[in-house]
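The values are calculated or read from the model by the stated rules, or taken from the named source; none is laboratory data. Since the structure is predicted, the reported quantities are computational estimates derived from the model, not experimental observations. Backbone-built Cβ (ideal geometry, glycine too); neighbour counts: all protein chains shown. In case anyone asks, the SASA skips ligands and DNA or RNA and just uses the protein heavy atoms, side chains included. Shrake-Rupley method; radii C 1.70, N 1.55, O 1.52, S 1.80 Å.
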Amino acid sequence: MHFRPVTALVASYIILSAIHPACAEEVADQGHIRYLKDHYTVRMNADGLPRTERDFIIRAIDDTGVKQLIQQYLTANKDKNQLTITAAETLKADGTVIPVADADRKVQQGMLGGVSYPEQQLTQMTFPKLAVGDAIHLHYVYQRSKTDLPGGHSEAYYFGRDVIRENTRFTLEFPAALKLQFVAHELQPVQDQTKDGTRQLVWQFENTKVTQGDFGVINNWQYTPHLMMTTFADWKAIAQAYQQGAAEKTILSEKVRKLTAQLTEGITEDREKARVLYDWVRKNIRYVASYIGDGGMVPNDTDTILERLYGDCKDHATLLEAMLGAAGIEASQVMIDADNDNYTLPPLPVFWFNHAINYLPGLHMYLDSTSDTTPFGMLPEFDRGHPVLITKGFEKVTETPALRAADLSAIRQTKTTVGVNGEWKRVTRIGGKGLAAVINREFLDGIGRGNEANWARNYLNSNTLSGSAELIAEAPADKSGFDYRFEENLNNMISQPEAAAVLMLPALDGPVNLDGIMKRYNESQRSTDFKCNSFEIRDETEMVLAPSLKAIYLPKNVRLNSGPVFADIRYEQRGQTIVTKRHFGIDSDRSWCAAEEYPRFQKAMKQIEKALEARVLYLRSGTVDKIKTKAAKPQSS
């Protein structure tokens, strides 16, 4: 139940080796493939456009490696890049060379991974008679003829530690007069010389051991060996370059003015006008990842968007900016890297962005109308806590607001009646505030009206429970809640009803993926940044025991306040009713934390995890009559 990041901007850098988890632990095997040779030569001309040549040989170590190598893909923008393949062949272990036949080279126009890129061309090569111990050899050249954005160009190359590299070499050549910035991370410099007005630099890189990184690493680019280069002077230059193309399309046409006037008629407050316009765009302009025009970097004009009633993120941001402008509300487009893995910018102004949203300075508010389920005033999680470029009148790099505990707040109420023979009647009610309410609604929408009974039946079957269940959508408890309840009548919840140790937890987890959060803290130690975004869960459970059942142990109370991590967990017995109240989570002003913060977070989160796993113990009368209930005593941490 998470949003899918919208990748509407096509990055102007080339990723030739995937970013893999940062080094943390050596892996015993030698991997599935091995780079015997990987040579890059990038020659920048006087206007900053590169000629990129790559020549590599990769050996298949095992059958998995064969499967990884047998097909290779190259993409090129026909309007901006000329691709020339000079060698594609299988190198047999006995020295035999088998070229890739023309019939084994397939070219596809305009579609990559189910997304429309009209200017893109995909070349697929299948390497013949490839077996374990053989290698593939590929040599190709990209000649760049046009930049993605006016006034500059940037590229980045990454070299993951997930494979052994015996001979990686990178050569960069450019006119000495060209204002080119570059940075190399964990690459060994070999040469830096200037001759006849051309500067040449050479780096080498070798990786002799396959390594496995920390779980859930954040900002992984900074731990991965890389080379970045750019002709943009600073982040302002990138913002201005994007704004140049977007401004031409943000047209206050007659159609835009008329529609805006109709929607805002009688409304005087700017905030309410903005809400009405945002809601109209997110509900009526369908998001479609169709990149039309200048390589996906320039939006369509407003009338075209209104005529089609669809568009990518740039189109959404352009139309909303124009409609807000027609209503007298200042707005700007914003460039952002919308994902849950990167929260920092590199040291150089390279094109780092994959999404466009809006900023309203008068209301101090960011809006993302591509997320049709996110109400006005909120941002989806993948937009939260990221550095951004506000392109109109750019002043400095800013950040979208990070997620706070109140922005992802789950409310869970459970009432359970326990019968003498192990039968349970349990009602779990799930509520939410902020994004949690959005996730609740997405959960119900995903099931679909009329399919609740099937969902409940599948739930029972997947958990091997016998009985009946019903999922029911409820009216929201307040304006920010989207609640539902789950009613169960279970025959076999307790297999040995004469004695049981039971968890005081709801049937459903609700909108916060607590299991996924807890997994972040299973590492004994870590050397990389990690996700530590805010959330909170408020639990209230009541368990009513049959008269012949006797509670003999209640877990200890827990109070915890460790920096941004907090917990207050209390147990109370009122006759045959056991009540548990929990309030726990993280409340931080950042979505990520540095490695040195991990020990404190891990200790606190493991305490919460242990407290959630605590059980209430009860016996049937006559089993052990003399055991007294152990009173719950508060425990502070």
(request) Given the peptides 408-415, 610-617, arrange them by the average over their residues of other C-beta atoms within 10 Å, most packed first. (result) 408-415, 610-617
(request) With the Cα gyration tensor of the range 363-437 in hand, convert its eigenvalues to equivalent ellipsoid semi-axes via √(5λ) and list them largest first in whole Å. (result) 42, 11, 8
(message) With Kirkwood's inverse mean 1/r over C-alpha pairs for Rh, give me the Rg to Rh ratio of the range 248-372, two decimals please.
(response) 0.98
(message) At 0.36 nm per residue, and after removing the present C-alpha to C-alpha distance, how many nm does the segment from N561 to D509 gain when stretched out fully?
(response) 16.4 nm
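Cα-Cα over 24 Å: which of K37/K78; K314/K392; K67/K209; K519/K603?
Beyond 24 Å between Cα atoms: K37/K78.
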(request) Using θ = phi - 60° and the Karplus relation 6.51 cos²θ - 1.76 cosθ + 1.60, list the HN-Hα couplings for the range 36-48 in order, rounded to whole Hz, with x at every Gly or Pro. (result) 7, 7, 8, 10, 10, 9, 10, 10, 8, 8, 5, 9, x
(request) Return the calculated 222 nm mean residue ellipticity for the chain, to the nearest 500 deg cm²/dmol, obtained by summing -39500 (n - 2.57) across DSSP H runs with n ≥ 4 and dividing by the residue count. (result) -5500 deg cm²/dmol
(request) Return the tail of the calculated pair distribution for the range 135-243, meaning the percent of Cα-Cα pairs more than 22 Å apart. (result) 48 percent
(message) Please list 3J(HN,Hα) in residue order for the range 250-267, calculated via the Karplus relation 6.51 cos²θ - 1.76 cosθ + 1.60 where θ = phi - 60°; whole Hz, with x for glycine and proline.
(response) 7, 9, 7, 6, 4, 5, 5, 5, 5, 5, 4, 4, 5, 6, 9, 4, x, 9
(request) For an R0 of 25 angstrom, estimate the FRET efficiency from the Cβ-Cβ distance between E613 and S462 and round to the nearest 0.05. (result) 0.70
(message) Given Cα positions, please report Rg to Rh for the range 212-304, the hydrodynamic radius being the Kirkwood one.
(response) 1.13
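By how many nm would the segment from Q496 to E272 lengthen if fully extended, with 0.36 nm per residue of separation less the alpha-carbon distance?
74.8 nm
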(request) Determine the gain in length on full extension of the stretch V190-Q71; use 0.36 nm per residue of separation and subtract their C-alpha separation, reporting nm with one decimal. (result) 39.5 nm
(message) Straight-line reach from K531: which aspartates and glutamates fall under 15 Å, measuring Cα to Cα and dropping same-chain residues less than 8 apart?
(response) D214, D339, D341, E381, D383, D515, E523, D587, D589, E596, E597
(request) Taking the chain as the reference, fit the longest principal axis to its C-alpha atoms, fit the long axis of helix 598-612 to the helix C-alpha atoms, and give the angle between the two in degrees, 0 to 90, nearest 10. (result) 30 degrees
(request) Send over a whole-number figure in Å² for the accessible area per residue of the chain, probe 1.4 Å. (result) 44 Å²
(message) If I compute solvent accessible area with a 1.4 Å probe over the protein chains, what percent of it on the range 127-207 is carbon and sulfur?
(response) 46 percent
(request) Pop the C-beta distance of Q82 and E254 into the FRET formula with R0 = 45 Å and round what comes out to the nearest 0.05. (result) 0.60
(message) When the expected Rg is taken as 2.2 N^0.38 Å, what fraction or multiple of it is the alpha-carbon Rg of the chain?
(response) 1.14
(request) Could you tell me what percent of the accessible area of the range 538-598 is made up of carbon and sulfur, with a 1.4 Å probe and every protein chain present? (result) 48 percent
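Sort 220-228, 312-320 for me by packing, meaning the mean count of neighbouring Cβ atoms within 10 Å per residue, highest on top.
312-320, 220-228
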(request) Leaving ligands, DNA and RNA out of it, report the carbon-plus-sulfur percent of the accessible area of the range 315-424 at a 1.4 Å probe. (result) 48 percent
(request) Please give the direction-averaged projected area of the C-alpha convex hull for the range 552-627, in square nanometres with one decimal. (result) 6.4 nm²
(request) Starting at the first residue of the range 194-201, write each ³J(HN,Hα) from the Karplus equation 6.51 cos²θ - 1.76 cosθ + 1.60 with θ = phi - 60°, in whole Hz, x for Gly and Pro. (result) 10, 9, 6, x, 10, 9, 10, 10
(message) Can you say what percent of the DSSP beta bridges in the chain, counting only those with both residues inside, are antiparallel? Round to 5.
(response) 85 percent
